[in-house]
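Here is the structure we will look at.
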Amino acid sequence: MRAQLPVWYRLVDADGEPHANTDATRAFVSETAIVDDLKTAVWDKNQKIIDGVAGQLKVYSNKEDIGDRTKVLEADAPLKGMGEEEDTSLLVVVPDSPASKEDIRDQAKSLKPSALVLDQGVSEDAPLLVVVPAPSGSLHSISLQSMDVNVKWNPRHKSVRLYALTTGK
């Protein structure tokens, strides 16, 4: 039987914060394991709280690197010497859960009826950003002087962030 290598890791979101209130834990992989093997072990151990598939997991060696695609550990990188202790846990970024219409509706209802218009001022073609929740919290698209406004869901922050205002035809 092959010796097993314990590798400490933490499940985190795209901002490096703990995913689903998890703490650091270990996965046991072979001594010759690579990052791709860790992703499979992590997914197998946590599939009840991770959406997607193992291939969507991103592994980083520290929080400062999260979000920098050039710092993602390569799938074929050897794990030996990584995540040997809890303080040096590898960070496994899990994919965002897809938002449901109910999630979007609930977020919109929590907004106060108001309007925020942000002119990015870059050029005449730059879009304006508008938040105009209806008092009822409904998510109806609106038009304003041949401008169309649509709800945009921000999966990274799991919230309704804005309506996008674009010129209509």
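Throughout, read-outs are computed from the coordinates displayed, never taken from laboratory work. Predicted model only: the values in this text are computed from it and were never measured.
At-a-glance table
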{"read-out": "Of LYS58/LYS80; LYS45/LYS71; LYS48/LYS80, those spanning more than 23 Å from alpha-carbon to alpha-carbon", "value": "LYS45/LYS71; LYS48/LYS80"}
{"read-out": "For LEU5, residues with placed amide H under 5 Å, excluding near neighbours", "value": "VAL29, SER30, GLU31"}
{"read-out": "Inverse of mean 1/r across different Cα pairs in region 1-79, Kirkwood, Å", "value": "13.1 Å"}
{"read-out": "Bins of 10 Å from zero: percent of alpha-carbon pairs in region 45-87", "value": "22, 48, 30"}
